[in-house]
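In what follows, a single structure is set out as structure tokens and then discussed.
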Amino acid sequence: MKRILTLLGAAFMVLAVVITAVPASAATSQSSTGLSINPRKNLVVAPGQTIKDNLIVGNLSHSANLNISLKVVDFTFYNNSGTPKLFLAKNAPQTTWSIKPFIHLPSFQRIGAGQQTQIPYSVTVPKGQGAGSYYGAIVYSAASGNGGNVDLNASGVSLVFVNVPGAVHENLTLQKFGTYAQSKSVATGSYTYINTRKPVYMAYTLQNNGDVAESPSGSATITYMFGGKPITISSVNPGSALALIGQGRLFQTCINNLKQGQSVVGTYTLTNVCGPVSLKPGLYTATISLYYGQNGNPTQEITGTTHFWYLPWWFIIAFVVFVLLLAFVVWKVVRIVRRRLYGSGTRPKSRRR
């Protein structure tokens, strides 16, 4: 019996160590308190074509005018969350996907207190330009109209993506897929496959080895080990987030999405509100189907399957207690059977002659 209890205790300790608890979900947001801007622009421009558009910029201050300077810079990404890394240095090398040669806009704009204005800009793609994705960032730097000091709250960035249609090389590969635990930073979260709390998020990581930024779409299904009605996630990219060229991009979605909204590359605003998830203790299987493809190119599909456990602590404790009771009952029955078969197990002492 002591050996059985020792083995069960060791098994419980191992189980407790390997369990990965899901922390409470966290969401981060970025907003400007002094300047309202278009966070993202998406344009389709054919070679030899010019498209004119407007940036809608508002001054949220009702007491001071704003003088805004505008500058176009290239950007890449910091990590798998898609946070933009702006190339602000004057001698920064131009990227192969830069829109700086194509875009034209004024370098200065004045906005009255509490007013909103449209800043015209144009994008011209030269003839013979190869198909693909080109992007850059418009950086707004604002100074108060009174004293000329830079107002950091009235600064911001608009990301501009230009898709040049034509035959492109598209190549997305699925690297990871599973339940996901957020942390204080989106990029420092982790995939979880054994959960002691009900998982809130599903996530997947895609590697973009093509020459065009991709915004995949698709759905996912979660099924229980003992059957029942499956859980369907109708949209696994509710914010239309992008995997940039050369990026391994993390995409997240609520298992039960109560509200959807548009997200921006690198800006995780609270656009998706997660609702409660109904799960029973046990093993679950999740499948995902993703689709991507630029206009004029074949639509491609990516599929993946993963498994995860939901094992709340009350279930783990109840299971261990059950196993211990079962072991005790078996031990007790074995002792009773032995006594009935072999008696007390002692022999009478022989008399000496």
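The values are calculated or read from the model by the stated rules, or taken from the named source; none is laboratory data. Just so it is clear, the structure is predicted and the values come from calculations on it, not from any experiment. FYI the Cβ positions are ideal-geometry reconstructions off the backbone, even for glycines, and counts take in every protein chain you see.
How many of the residues in the stretch 196-248 are of a type in the set (D, E, K, R) and over 21 Å from Glu301 (Cβ atoms)?
Qualifying residue count, the stretch 196-248: 3.
Can you confirm whether Thr96 is at pLDDT below 95 and not in a loop (DSSP other than H, G, I, E, B)?
For Thr96, the condition - at pLDDT below 95 and not in a loop (DSSP other than H, G, I, E, B) - is not met.
So Ile222 clears everything in (1) buried (at least 19 other Cβ atoms within 10 Å of the Cβ); (2) free of Cβ contacts under 8 Å to residues at least 60 places away in the same chain; (3) more than 30 Å from Val123 (Cβ to Cβ) except one condition, right? Which one?
(2)
List pairs: first residue in the stretch 235-247 and within 21 Å of Gly132 (Cα to Cα), second residue acidic (Asp, Glu) anywhere in the structure, Cβ distance under 8 angstrom, at least six positions apart or on different chains.
From residues that are within 21 Å of Gly132 (Cα to Cα), the pairs are Leu242/Glu214; Ala243/Glu214; Ile245/Asp211.
Count, please, the residues in the stretch 211-235 that happen to be of a type in the set (Phe, Trp, Tyr) and under 17 Å from Ile255 (Cβ atoms).
Qualifying residue count for the region: 1.
Tell me which residues, restricted to the stretch 263-294, are in contact with a strand residue (DSSP E or B) (Cβ under 8 Å, 6 or more places away or on another chain) and modelled with pLDDT under 70.
Val264, Val265, Gly266, Thr271, Asn272
Could you tell me which of the residues Ser81, Ser61, Ser29, Ser25 is hydroxyl-bearing (Ser, Thr, Tyr) and either part of a strand (DSSP E or B) or at pLDDT 80 or above (or both)?
Ser61
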